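Peer 1: What follows is a single structure, and I will ask about it in a moment.
Any read-out appearing in this document is the output of simple, stated calculations on the displayed coordinates, not a laboratory observation. Fair warning: this is a prediction, and the values are worked out from it, not measured in the lab. All Cβ positions, glycine included, derive from the backbone under ideal geometry; neighbour counts span all protein chains shown.
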Amino acid sequence: MTAAPSARVTPRRVRGARKSTERVATPLWYGDSWSRVRARRSTVNDVPHAHYCALDCPDPLALADFYAALTGGEVEELGDFPRDQVTWLEMMTPWNTVIGFQRIPHYEPPTWPEGPRPQQAHLDFLVADLAGAVHRAEELGARRAEYQPGETFVVLLDPAGHPFCLVRDSREGLSAVG
C-alpha cells in the first residue's frame, strides 16, 4: 500500500515568491538585550534559539499573505499544488525568521485577553509610525482588540483571530531590526 501524497508544502527558501514592497512592521527586541545576544552570537550556537514560529489557522495561504503584506516577508511558492489542499505553508521574514501557518480542522480563534480559548503566544512588531501601521494592518484585514492595555502599543487580531501587537519604536537614533 502506498501512502497518500502529503498536503504539506515542502519548506524551502523562497525564490521569486509574491513579495510586498511596503513593509509596515519589524520585529521587536526589548532594550539592549538583543544587541548583547547578537554580540555573543558565536557563543550561543550550541543552545536553542528561536528561529521559527507557527500559527494554527483555517487557511494557511490567506494568513501567510496577511503577514507577508504586514512585514514585507516572502511566502513560499505553491507551484501547481492546489490551494485547498495546503495544510502547511511558510513565510520568510525580512529578518530571516520563518513563520509557519498550519491548517487546523474546526479551527477556533483564541479569545483574548481571557476566555475559553486564551492565547498561547502572540507576536510583537516594532513600528516607527504606530497610527500609520495600525491603519495599514486594518486595511490588510486585522481588527483592533476591544481591550487595549497600553499606550505605546496596539493589540490587533489577525484575520484568523490571533492577537499581535504593533509597538511604537521609541529608540532614538537607532534603526529598526530587519
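Peer 1: With θ set to phi - 60° and the Karplus curve 6.51 cos²θ - 1.76 cosθ + 1.60, what are the ³J(HN,Hα) couplings of segment 143-149 in order, to the nearest whole Hz, using x for Gly and Pro?
Peer 2: 9, 5, 6, 4, 8, 10, x
Peer 1: Take T93, T111 and order them by how many other Cβ atoms sit within 10 Å, fewest up front.
Peer 2: On the way: T93 22, T111 13.
In increasing order of surrounding Cβ atoms, one gets T111, T93.
Peer 1: Here's another thing I want to ask about it. So, in nm, how far is label V98 from label S170 when the simple model puts each one 7 Å beyond its Cα toward the Cβ?
Peer 2: For V98 paired with S170, the spin-label model returns 3.6 nm.
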